[in-house]
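To start, the structure under review is shown below, and the notes come after it.
Every number here is computed from the coordinates shown, using simple stated rules; none is lab data. Because the structure is a prediction, the values reported are computed rather than measured. All Cβ positions, even for glycine, are placed from backbone atoms using ideal geometry, and neighbour counts span all protein chains on display.
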Amino acid sequence: MLLLLFLLSNHLSGVRTIQASPCDIVDVKLSVGQSTLLQFDEEPTLTFHADDQHFLLKNHESAKRSLAIIPVIRDQDIQRIFGDTSSQRVPVGKAFSESLDRHYRTNLFVFLKSSSRLMFRLRLVEKSESDFVVRIKQVYRKGCGL
């Protein structure tokens with residue numbers, strides 16, 4: 001029962017702990033207007049992602065094992081998807097976030113100090129479903145040849 005309460009409190013607080021190998025692709029659930037923090041066991045040394053216009057990555061010298069991801073969706077991005085927003089309604093809630101996700105979903109590679117790498121898929125979701133913090137515990141699985 002105590003374990004269930006702990007897991008439920010972590011889920012409700014927006015904190016998720018996952019195990020990932022270099023062969024896994026981990027979904028990170030992001031929301032417009034909110035940053036998400038990835039926490040690693042070791043220091044990330046290099047990141048690559050395809051869409052640096054819509055996803056800003058930041059780290060700080062005092063938090064070497066963390067990486068913040070900030071979605072950047074501008075008015076012109078919304079107009080590109082939905083057309084002239086003054087003449088038609090832009091969907092709200094889940095329909096809005098699903099449309100953003102279809103257009104702006106991208107990947108992220110994080111290379112760690114040990115020379116291994118982890119793979120992520122940056123997804124846009126409703127705020128109520130988004131991650132605040134994702135703690136990544138790196139594991140090595142048999143048969144993962146990468």
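Return the aspartates and glutamates within reach of residue 137: Cα separation strictly under 19 angstrom, same-chain partners fewer than 8 residues apart disregarded; answer none if there are no such residues. Partners within reach: 24, 27, 41, 42, 43. Which of the aspartates and glutamates could a cross-linker bridge to residue 29, judged by Cα under 13 Å and excluding same-chain residues fewer than eight apart? Of all the aspartates and glutamates, those that pass the test against residue 29 - Cα under 13 Å, at least 8 places apart if same chain - are 98, 101, 126, 129, 131. Highest mean packing comes first when the peptides 41-50, 62-71 are listed by Cβ atoms within 10 Å, giving 62-71, 41-50. In angstrom, the C-alpha Rg and Dmax of the chain are 16.8, 55.
Neighbours of residue 139 by Cβ distance under 12 Å: Lys/Arg scored +1, Asp/Glu scored -1, total +1. Once the Cα atoms are used to define both axes, helix 93-104 deviates from the longest principal axis of the chain by about 70 degrees.
Normalised by the number of residues in the chain, the mean separation of alpha-carbon contacts (under 8 Å, six or more apart) gives a relative contact order of 43 percent.
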